[in-house]
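Below: one structure, written as structure tokens.
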């Protein structure tokens, strides 16, 4: 099984490396001065709006932890829950490592807030498979051409495997809890828990869908800032396929693979190279970098508070 996983990972990485070198040739002709000009022309009100929308998009992930804490019957203030969620999720977004970063930080912060080790680990175990439901649902919409991603998939056919794989994940996730033998085999900890997690799972699924909708709307608003060529369903398709490419690469934060597919997708949908680059930079700044810096500050304050 381990050899198969290694082989699958190697194939995915090799495919994305090929896409990278092919795509890089197409991106050599953009004018960095024009990109900087586009970025410098952002007015203050638009920057503030993007900042607020970025905070909202990241804050939706708080619902994961809120519903988990309520399910585990712990009494933590909403601010504490938001703080734990923000730190763990922004570090996970920025550093990645297949979700291990967020799970580790979440477990440590839960323990510091007097949540037992067993419950902290349980929370991470039940949360991990729920967070990609949003992108799995988006994959189905891409397959049925509701979200417009066909130009990208037709250009880089290896990405079809990623989209189909994530689409298949959704029914597997549902069946994992409906079939008792699969539930016991895969999620033995849950099957022994006397607190029926069915309602919790439904809330986590709703949280994942809300999270991905907010990410998509943030990305679309950024697209509108620089070009009128990209429609809503096209922007949602681009960011979904880019995220899938980033996850397939196993690179922290999808760095490189997400960026490349995002830029190529924007170009295929009508944006110039310079505007596509500007859209990517702004999305990285307001969804990844700024929230991560806030997460660092909150994490340090949490450590100092616990020491006192």
I need the shape label for the range 39-171. Rule: rounded when a/c is under 1.5, else prolate if a/b > b/c, else oblate, with a, b, c from the alpha carbon gyration tensor. oblate
For a quick check: sort 280, 232 by the number of other beta carbons within 10 angstrom, fewest at the front. 232, 280
Using Cα-Cα distances under 8 Å and only pairs 6 or more residues apart, what relative contact order does the range 50-299 have, in percent? 29 percent
For the range 50-299, what does the alpha-carbon gyration tensor say about shape, rounded, prolate or oblate, given a ≥ b ≥ c as the root eigenvalues, a/c under 1.5 as rounded, and a/b over b/c as prolate? oblate
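FYI, it's all coordinate maths here, none of it is from the lab. Not measured: the values here are computed from a predicted model. For neighbour counting, all protein chains shown are included, and Cβ atoms are generated from backbone atoms with ideal geometry for every residue, glycine included.
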